[in-house]
1. Among residues belonging to the range 140-159 that are surrounded by 10 or more Cβ atoms within 10 Å (Cβ to Cβ) and in contact (Cβ under 8 Å) with a residue 12 or more places away in the chain, point out the one that is farthest from ILE129 (Cα to Cα).
2. Checking MET165 against (1) out of contact with any His (no Cβ under 8 Å at 6 or more places or on another chain); (2) surrounded by 18 or more Cβ atoms within 10 Å (Cβ to Cβ); (3) under 20 Å from GLN6 (Cα atoms): exactly one of these is not met. Which one?
3. With the condition being within 22 Å of LYS122 (Cα to Cα), I'd like the strands (runs of 3 or more DSSP E) fully within the range 140-225 carrying at least 1 qualifying residues.
4. Of the residues PRO172, PRO199, which single one is over 16 Å from the mean Cα position of the chain (by Cα), open to solvent by less than 70 Å² (accessible area, probe 1.4 Å) and touching a residue at least 40 places away in the same chain (Cβ under 8 Å)?
5. Just name the residue that is modelled with the highest pLDDT out of those in the range 74-89 that are within 22 Å of MET26 (Cα to Cα) and open to solvent by 70 Å² or more (accessible area, probe 1.4 Å).
6. Would you mention how many residues in the range 68-112 are part of a strand (DSSP E or B) and basic (Lys, Arg)?
7. Kindly indicate whether any position in the range 49-67 is open to solvent by less than 20 Å² (accessible area, probe 1.4 Å), within 27 Å of ILE200 (Cα to Cα), of a type in the set (A, V, I, L, M) and part of a loop (DSSP other than H, G, I, E, B).
8. Would you pick out the residues in the range 135-155 that are of a type in the set (Lys, Arg) and modelled with pLDDT of 90 or more?
Amino acid sequence: MKAVIQAGGRGTRLMPYTSVLPKPLMPIGARPVLELLLQWLRRNNVEDVYITTGYLGHLIRSFCGDGQQWGINIKYTQEIEPLGTVGPLTLLREALDSTFLMLNGDILTDLSLHALAMTHRKHGALLTIATTARSTRMDFGIIEDQDGTVTKFTEKPTLSNCVSMGVYCMEPDIIKYIPSGIAFGLDDLAHCLLDKGVPIHVYKHEGLWLDVGRVEDFHSAQEIKWEERAPSIVAMAG
């Protein structure tokens, strides 16, 4: 299966560090995020990878080369203007001729891509989103009222939500829903599909996931020995 890594963003959440390094090259221990991501893909038996580049893309190309050091074949796209999360897929219209993966270049996980792909094929979906549960502590007291009278007050509650992991399994036909030459995000694509009645499915992952574009997750990632982590062995779910 082919994989597309989105690596064209500016990494504004990690400024000022990303003013000199693109986010996928930020170090986790002695290795860049992108190298750990490529090693994870290879452990999941992915051999053909496309990296979409934009901001400081020449540094990513210089570091990764053709990918042979990881047993992977890497090719690149270059965005002249930012194309958003899924807009770069239009540059790969001819290459993406079968079920493929798309993932953000700033995530680290032990997700089993085989299990994700099995769920995707079971549903016959155009798009399957890998999700996980994340808890967020609110900084405010939450008030519920009825006709101006308080019925419930919760001080700084912790809310749990199902969130996208930035890992997606897709069919080639999905590209026809993505306009060429303009910025188009995953949220735009999801709204488009839902408006047209096209089902979107999810795969629920209960293992490890970090979004290293977040400062807290970036620091947490430094404590993990990523080279020792194998993909999760997960029964088909979704």
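1. Result: PHE153.
2. Unmet for MET165, out of (1) out of contact with any His (no Cβ under 8 Å at 6 or more places or on another chain); (2) surrounded by 18 or more Cβ atoms within 10 Å (Cβ to Cβ); (3) under 20 Å from GLN6 (Cα atoms): (1).
3. 158-170, 200-204
4. PRO172 is the lone residue from the list that is over 16 Å from the mean Cα position of the chain (by Cα), open to solvent by less than 70 Å² (accessible area, probe 1.4 Å) and touching a residue at least 40 places away in the same chain (Cβ under 8 Å).
5. LYS75
6. Summing the residues that are part of a strand (DSSP E or B) and basic (Lys, Arg) in the range 68-112 gives 1.
7. No, there is no match, as no residue in the range 49-67 is open to solvent by less than 20 Å² (accessible area, probe 1.4 Å), within 27 Å of ILE200 (Cα to Cα), of a type in the set (A, V, I, L, M) and part of a loop (DSSP other than H, G, I, E, B).
8. Answer for the range 135-155, where residues must be of a type in the set (Lys, Arg) and modelled with pLDDT of 90 or more: just LYS152.
The values are calculated or read from the model by the stated rules, or taken from the named source; none is laboratory data. All figures in this text were calculated on a predicted structure; none of them were measured in a lab. Heads up, the Cβs are rebuilt from the backbone with ideal geometry, glycines too, and the neighbour counts pull from every protein chain shown. What goes into the accessible areas is simple: the full protein's heavy atoms, side chains included, and nothing from ligands, DNA or RNA. Shrake-Rupley method; radii C 1.70, N 1.55, O 1.52, S 1.80 Å.
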